[in-house]
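What follows is a short report on a single structure.
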Amino acid sequence: MKVDILIIGAGPAGMAAALAAAPSGARIALLDDNPAVGGQIWRDGPQAHLPPQVHEQRRRLAAQSTIQLLTASRVIAQAGPKQLLVEDAACARVIEYDKLILCTGARELLLPFPGWTLPGVTGAGGLQALIKGGLPVAGERLVIAGSGPLLLASAATAQANGARVLQIAEQASWAAVAGFAAQLPRWPHKLLQALGLWHPGYRASSHVIAALGDSHLQAVRLSINGQVKEVPCERLACGFGLIANTQLGQALGCRIEHNSIAVDNWQASSQVDIYAAGECTGFGGSEKALVEGAIAGHAAVGDLAAARHLWPQRQRWQGFARALQHSFALGEPVKQLATPDTLICRCEDIALADLREHGGWTPAKLASRCGMGACQGRICGAATQVLFGWQPPAPRPPFSPARIDTLLQLGQPE
Amino acid sequence: MPELLLDGQPLKVDEGTTVAAALLLGGDGSSRTSVSGQRRAPFCGMGVCQECRVSTDGQRRLACQTLCRDGMRVESRP
Ligand SMILES: Cc1cc2nc3c(=O)[nH]c(=O)nc-3n(C[C@H](O)[C@H](O)[C@H](O)COP(=O)(O)OP(=O)(O)OC[C@H]3O[C@@H](n4cnc5c(N)ncnc54)[C@H](O)[C@@H]3O)c2cc1C
Ligand code: FES
C-alpha cells in the first residue's frame, strides 16, 4: 500500500492533520490502534458522550474519499526507508509513504505504590477510558489520586455513570493548584470546564499510600494533607499526569527534547518528511493538539500560508500547556511510594528491592528481565525514570507484540 | 446486541462494549494471571500496559482495545 501522507494516531491531532491535508487531493492514511477514531479525549463507546463537534469531524473524515481510515492497526516496525510494517486483527502490510505525521498522543504516568497491581486499581484517565468502553461502575465507591486536571475529568465521567467519588487526592500543593486556577481566565473556555468539574472531595497536598485488599481492592490508605486516612472502596483510579508517546518518533531517529518529539514552527521533526503534532510534542490538551495537527497537515502538503495563519492560535494553547506542566510538577513524596516488595515491573513481577541495586536500566534489565515483558518497559521504564532517574533505552522493533506471520513480512520484497 | 462466551459462560453486551468491560460485566473483572500467580485486571485502559491481554477466539488480544463481537470466545484463564 502506498500513500502520500501517513498519519499515526487518530486523536484530535491526527484527525485535524488529515482534514487539513485533504483539500490538496493527497492520498492519506490515518492509522490508530483503537477500534474507532477519536484518541483519548474523544474515545467512543456505549458509555461515551461525544460533543457534536466530534461527530462533525468524523463525518468530514468519512466524506473524504482520499482519506483511508485504518483503525485497530498498530505499527510493528520500520520495513525500509519511508515504509512501516503495520498489523491489524486480520493481516499485516507494509505502508509506503511520502510524508509521515506522528500524532501518537500521550499516555498516563503510572507510578508504583503498594497494592497497585490489585484488580480494582486502574489509571485515572485509564478508568475514564474503560468506563467509556462500557465498564460498569454504578454504585461503586471510588477514590481518585495522583496529579493533574485529568483527576477531575475522570471523576466526572465516573460520577455520570453512577459511581460514588469519595475523595480526590492531588499531590500538588494548594498554592500550585490555586496558581493554575488563577491563570485559567486567560483561557475562559478552560475556566468554565474546570468550574463544571469541581468536586467537594478534592484535596491538595495529598497522595495515595497503599491499595489494600487480598485478591481485590477493599480500601485505600491515603495521606490527606499530612493526615493518614483509610477509605473503604471498590475502586482506585490513580494517574500522575501525562507523558508523551515518543517511542515511534525516537525509533525513526527524530530528536527528543524534554521527553517530547522536538519540532519546528511547521511541526516538522528533525527527520526529513516526518512531522509531529499534539501531545507527542508535549502535553497540553485537545485544543493544542487540534491546532498543531492542522499546521502539520497544511505544512505536509506545502500550504505554508494556511499553516502560518494558525501560529497565533498555537501560541495561545502552548501557553496553557506551559501553565499545566509547571503547576502539576511531581513532588518528592509520590516518587517514594513503593516499598521494597512493591512490584515495579508488572509484566515480569520484579520488586523494587530486586531492581534498585542495579543502578541503571541496562544492568537491571540484564539481571532481572525488568522491561522485557509484554509492555516492553512502557510502564516500568517510565516509572524508573521518575523514581531513580534511569534513562529508558531507545525502543526496538517489534514496537508492540506481533504475530509471527507479520514479522515474516520484514525483509520480504513487496 | 453481541453475545459472547466469557470463560465458557454466555454474556450479552451492548454494541461497542470492549472486552475489558465484558470481563467485569460477566465475571470478576480480571483478565490474566501474572508470572507469580496473581490475578490482574485491565489497568491503563489504553493499550499500553498489556495487563488486559486475554485470548479471544484463540488469539492473544488486548481486551481494552478489542470490541465484543457476536460468537466471540474470550478466555481470561490460562
Ligand atoms: C487516558 C487519557 C484520558 C484523557 N482524557 C482527557 C479528557 O477527558 N479531557 C482532556 O481535555 N484531555 C484528556 N486527555 C488528554 C488528551 O491526551 C488530549 O486532550 C488529546 O486527546 C490529545 O490529542 P492527541 O491527538 O495529541 O493524542 P491522543 O488523543 O492521545 O491520540 C493519539 C492516538 O494515537 C494512538 N497511537 C499512539 N501510538 C500509536 C501507534 N504506534 N500505532 C497506532 N496508534 C497509535 C493512540 O492509541 C491514540 O488513539 C486524556 C489523556 C489520556 C492519556
Ligand atoms: S488495560 Fe493496559 S493495555 Fe489494556
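The values are calculated or read from the model by the stated rules, or taken from the named source; none is laboratory data. Quick caveat: nothing in here was measured; it's all calculated off a predicted structure. Don't worry about glycine lacking a Cβ; one is built from the backbone with ideal geometry, like all the others, and counts go over all protein chains shown. Heavy atoms of the whole protein, side chains included, go into the accessibility calculation; ligands, DNA and RNA do not. Shrake-Rupley method; radii C 1.70, N 1.55, O 1.52, S 1.80 Å.
For segment A:127-160, enumerate the residues that are away from ligand 2 (no atom under 16 Å from the Cβ) and touching a Pro at 6+ places or on another chain (Cβ under 8 Å).
Across segment A:127-160, the qualifying residue is only A:141.
Of all residues in segment B:21-57, count the ones that are within 16 Å of ligand 1 (Cβ to nearest atom) and at positive phi.
Qualifying residue count, segment B:21-57: 3.
Only one of A:163, A:156 is farther than 27 Å from residue A:250 by Cβ, open to solvent by 30 Å² or more (accessible area, probe 1.4 Å), in contact (Cβ under 8 Å) with a residue 40 or more places away in the chain and away from chain B (no Cβ under 11 Å); which?
Selected residue: A:156, the only one of A:163, A:156 that is farther than 27 Å from residue A:250 by Cβ, open to solvent by 30 Å² or more (accessible area, probe 1.4 Å), in contact (Cβ under 8 Å) with a residue 40 or more places away in the chain and away from chain B (no Cβ under 11 Å).
Suppose we filter segment B:65-78 for residues that are within 13 Å of residue B:32 (Cα to Cα) and surrounded by 22 or more Cβ atoms within 10 Å (Cβ to Cβ); how many remain?
Count: 2.
Any chance segment A:201-211 includes a residue that's among the basic types (Lys, Arg), buried (at least 17 other Cβ atoms within 10 Å of the Cβ), more than 14 Å from every other protein chain (Cβ to nearest Cβ) and in a helix (DSSP H, G or I)?
Checked against the condition, which is being among the basic types (Lys, Arg), buried (at least 17 other Cβ atoms within 10 Å of the Cβ), more than 14 Å from every other protein chain (Cβ to nearest Cβ) and in a helix (DSSP H, G or I), segment A:201-211 yields no hits at all.
Can you tell me which of (1) within 25 Å of residue A:7 (Cα to Cα); (2) touching a strand residue (DSSP E or B) at 6+ places or on another chain (Cβ under 7 Å); (3) assigned to a loop (DSSP other than H, G, I, E, B) is the one residue A:72 doesn't meet?
Going through (1) within 25 Å of residue A:7 (Cα to Cα); (2) touching a strand residue (DSSP E or B) at 6+ places or on another chain (Cβ under 7 Å); (3) assigned to a loop (DSSP other than H, G, I, E, B) one by one, residue A:72 breaks only (2).
Pick from segment A:20-43 the residues that are under 25 Å from residue A:76 (Cβ atoms) and more than 11 Å from ligand 1 (Cβ to nearest atom): which of them is farthest from the other protein chains (Cβ to nearest Cβ)?
Going through the qualifying residues, I end up with A:26.
Suppose we filter A:60, A:74, A:93 for residues that are open to solvent by 80 Å² or more (accessible area, probe 1.4 Å) and in contact (Cβ under 8 Å) with a residue 40 or more places away in the chain; which single one remains?
A:60
Restricting to segment A:110-140, and then to whatever is open to solvent by 10 Å² or more (accessible area, probe 1.4 Å), more than 7 Å from chain B (Cβ to nearest Cβ) and of a type outside the set (Gly, Ala, Ser), can you tell me which residue is farthest from residue A:71 (Cα to Cα)?
Among those that are open to solvent by 10 Å² or more (accessible area, probe 1.4 Å), more than 7 Å from chain B (Cβ to nearest Cβ) and of a type outside the set (Gly, Ala, Ser), it is A:114.
Of everything in segment A:7-46, what is closer than 18 Å to residue A:150 by Cα and not in a helix (DSSP H, G or I)? Give them in sequence order.
Answer for segment A:7-46, where residues must be closer than 18 Å to residue A:150 by Cα and not in a helix (DSSP H, G or I): A:11, A:38, A:39, A:40, A:41, A:42, A:43, A:44.
Tell me the residue from A:176, A:169 that is in contact with a Ser or Thr (Cβ under 9 Å, 6 or more places away or on another chain), open to solvent by 20 Å² or more (accessible area, probe 1.4 Å) and in contact (Cβ under 8 Å) with a residue 24 or more places away in the chain, please.
Only one candidate passes the filter, namely A:176.
Can you find a residue in segment A:153-169 that is under 25 Å from residue A:34 (Cα atoms), at pLDDT 95 or above and either assigned by TED's automatic domain parsing to the domain that holds residue A:41 or assigned to a loop (DSSP other than H, G, I, E, B) (or both)?
Looking through segment A:153-169, at least one residue is under 25 Å from residue A:34 (Cα atoms), at pLDDT 95 or above and either assigned by TED's automatic domain parsing to the domain that holds residue A:41 or assigned to a loop (DSSP other than H, G, I, E, B) (or both).
Identify, from the list B:61, B:39, B:53, the residue that is more than 7 Å from chain A (Cβ to nearest Cβ) and open to solvent by 10 Å² or more (accessible area, probe 1.4 Å).
After applying the criteria, what remains is B:61.
For segment B:2-14, name all the residues that are more than 7 Å from chain A (Cβ to nearest Cβ) and at negative phi.
Across segment B:2-14, the qualifying residues are B:2, B:3, B:4, B:5, B:6, B:9, B:10, B:11, B:12.
Mind listing whichever residues of segment B:15-36 are within 14 Å of ligand 2 (Cβ to nearest atom), open to solvent by 10 Å² or more (accessible area, probe 1.4 Å) and more than 8 Å from every other protein chain (Cβ to nearest Cβ)?
The one that is within 14 Å of ligand 2 (Cβ to nearest atom), open to solvent by 10 Å² or more (accessible area, probe 1.4 Å) and more than 8 Å from every other protein chain (Cβ to nearest Cβ): B:32.
Does segment A:301-315 contain any residue that is more than 16 Å from ligand 2 (Cβ to nearest atom), buried (at least 22 other Cβ atoms within 10 Å of the Cβ) and within 14 Å of chain B (Cβ to nearest Cβ)?
no
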